[in-house]
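Working notes for the structure below.
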Amino acid sequence: MGTPVRGVLTVARPTDPGDDVTAVLHGRPDAPAAGSGHTLLVADAVEQGRRGTASWVERELALGSKVYYKGWLPEGQQHWLSGPAGPRGARDAFASGQLEFLDFPTLVERSGATSAGVLAVYQDEVERAFDDLWPTVAMTQESPELPMADDAHLVSEYATWESGFDVLTGEWPVRMLCQLSVPAESERAMWETVAVHHRDLVDGVWSAAEDHGRWGPRGDLDAHVSRRFGAAVHGALRAAREREGCSDLHVDLAAVDFMDVSCAEILMLAARSAPAEQHIVLHNGPRFLRRLFDAVGRPPSVRESEDPR
Amino acid sequence: MTAPPAGLVHLGLLHRGPDDLAASAVPELRRALADGEDVVVAADRATVRRVREALGADAERVEFPPPSALAGPSAPGFVAAVRGWAPPGRRTTLLGQYAPAVPGADRAYGEDALGLVLDDLPLTLICCCRHDEDPEQLAVARRSHPRLATAVGTVDNPDYRPPSPTSPVPAAVWGTVTVRVSVDGTADLAEVRRRVADAAAGAGLEGDAVRAAVLAVHEAVVLGVRDGDPDHAGLTVEIRSDTGPTVFCEITGPRGATTAMVSPGDPLAHVRPFCARAALHDDPDRRAVRVLSTA
């Protein structure tokens, strides 16, 4: 594969140590500090996404990971990563080679925008990092603004390379943070991106993770995030159907702090629209949530688990 | 002797003058005295005189404050004032009279408010209205009391009608605004929920009652946001929670252009299972959604 781009950015230290560059990722207070993972970070606004990403990169640099960053390099301007909103330590990391930047046009050129090409680029980066004796690898990319609305083939390719990322992070000590900037993406792209990442996503006041075969949303599920929650439910149901054996989706509700009518309806409607043989099995649902589901109408395809309460 | 009533008993008493009033009131007043309740009669001097005569020695156990001691039915904080008439730990029976100076509409607001939030109050309230009173006031008295006090005891009132779910009760009867939150879009919902939860807990609601109050107000705000400019909904949420275990929220904002296109049906149907009362008031340019939550 091609030569990585090193030190192409002019990196400046934050002008004020008190600048808000260390904001933590919200919604996953128990997120492990290390270990592999493939996480989606959803942001309603560009600045919000940058704050979360900066904190993630900063943490990875502190942990001693090799960090690969892919994004859009604005013409004639420095990238935000090297500006005051960027992560602390970025200048030294660029200089030492711990942090590398690859702009999206170059990535497209190298990968051909195919799933095989994209995965080959990432695989090459991971192998090169371990050849250089970095203990862990952190990879993050900005919202790609793929024209999914008009290109079903591209949607399929996207899903394939994201599955490849799951394999990559499953086999190696690699942590990957995919960024989704809602204002930059089409509705279709937002939907597919969240659906693909339903196993591990962080979206402001809510997040989702999969653990021991149970999909667990957590935090506040409300009208502000209902479309994204719907996409994640859709993705979880789709993934369950692709499994061998039982296609039921087991949903653990123990960590849901709040759910409004729109999200409850989405969950129930998703169950209604699923194939007849697929059920949604609810685990650890608080009494009030069960009351809410009853109020919006619970279809027969939604059932409570028989776990002891 | 029958078992003493539990919770609020809201009686109407329709009369033709002091003698008739006293004759209809005395059976209920005697029952209250026999049950060991505190008894208060806030009435004009002629009525007080007749009641004293009818009760005889038992009148010594009755308090007779002037009518002005009672808050008007549309006075700010009226609900809280009524709650103050019934000290905790005891049951009170209170007789008051309709004052001609109070407009009928204001009277209706107050009467409706009592039934909505004070069901648990250990109070028997006897509201007295003359048959030759202003017709609007008389109509309010007839329809707002489930039972009537008469010379033969209390009887069902065939003219009673439950309060309309869209009755525009003046918000001030629920107390003063303790929290005010501006909402421009769904991104502000989390803050609204936090403030409602705090207010509900502060008012004494617990557990699922708090969760229900939060959800009901949240949904009412969502309705307002969806009906208006999605980025600049311009809503104001006002919370009143100083009337006991009760949270009253009013969400006001411009009436959206889409309102007229909303399909027929109750737009608050999904809110009602989670609150004691929800009401929608539309003016040509303004919409208000009110949500009342109780313990």
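Each reported figure results from applying straightforward, stated rules to the coordinates on display, with no laboratory input. Treat the numbers as computed from the prediction; the structure is a model and nothing was measured. Quick reminder, even Gly has a Cβ in these numbers, built from the backbone with ideal geometry, and neighbours come from all protein chains shown.
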Practice prompt. Order the peptides B:207-217, A:283-293 from the highest to the lowest mean number of other Cβ atoms within 10 Å of their residues.
Written response: B:207-217, A:283-293
Worksheet item: How high is the relative contact order of chain B, in percent, counting Cα pairs under 8 Å that sit 6 or more residues apart?
Response: 18
Practice prompt. Report, in debye and to the nearest 20, how large the dipole of segment B:1-158 comes out about its Cα centre when Lys and Arg carry +1 and Asp and Glu carry -1 on their Cβ.
Written response: 180
Fill in: Solvent-free Debye scattering, log10 I(q)/I(0), computed from the Cα coordinates of segment B:9-156 at q = 0.13 Å⁻¹
-0.51
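Write down, largest first, the equivalent ellipsoid semi-axes of segment A:205-309 in whole Å, where each equals the square root of 5 times an eigenvalue of the alpha-carbon gyration tensor.
That gives 19, 15, 14 Å for the three semi-axes.
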Practice prompt. Would you calculate the separation in nanometres between label points at B:D156 and A:H153, each defined as 7 Å from the Cα along the Cα-to-beta-carbon direction?
Written response: 7.7
Worksheet entry | Dipole in debye (nearest 20) - segment A:205-309, about Cα centre, beta carbon charges: Lys, Arg +1; Asp, Glu -1 | 200
Practice prompt. In whole angstrom, note down how far apart the Cα centers of segment A:41-114 and segment A:121-175 are.
Written response: 15
Discussion item. Let me spell out the model: positive unit charges on the Cβ of Lys and Arg, negative unit charges on the Cβ of Asp and Glu, origin at the Cα centre of segment B:38-121. What dipole size does that give, in debye rounded to 20?
Written reply: 240
Worksheet item: Across the Cα atoms of chain B, what radius of gyration and what greatest pairwise Cα-Cα distance (Dmax) are found, in Å?
Response: 21.1, 70
Fill in: Average projected area [Cα convex hull, segment B:52-114], square nanometres
5.4
Item to complete: Find, to one decimal place in angstroms, the Kirkwood hydrodynamic radius of the protein assembly as shown, where the mean of 1/r is taken over every pair of different Cα atoms and then inverted.
Response: 28.5
Discussion item. Which residue, A:G213, A:S115, A:V256, has the largest displacement toward the positive end of the dipole of the protein assembly as shown when charges sit on each Cβ (Lys, Arg +1; Asp, Glu -1)?
Written reply: A:V256
Worksheet entry | Kirkwood Rh and Cα Rg combined as Rg/Rh, chain A | 0.99
Discussion item. Just want the answer: with Cβ charges of +1 for Lys and Arg and -1 for Asp and Glu, which residue in A:P135, A:P275, A:G97 is farthest toward the dipole's positive end in chain A?
Written reply: A:P275
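Need one value for B:202-214: mean number of C-beta atoms belonging to other chains within 10 Å of its residues' C-beta atoms.
2
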Worksheet item: Considering the dipole of segment B:9-156 built from charges on the beta carbon (Lys and Arg +1, Asp and Glu -1) around the Cα centre, which of B:Y98, B:G56, B:G153 is farthest to its positive end?
Response: B:G56
Worksheet, complete the sentence: Note on segment B:176-294: the mean projected area of its alpha-carbon convex hull, in nm², is 6.6
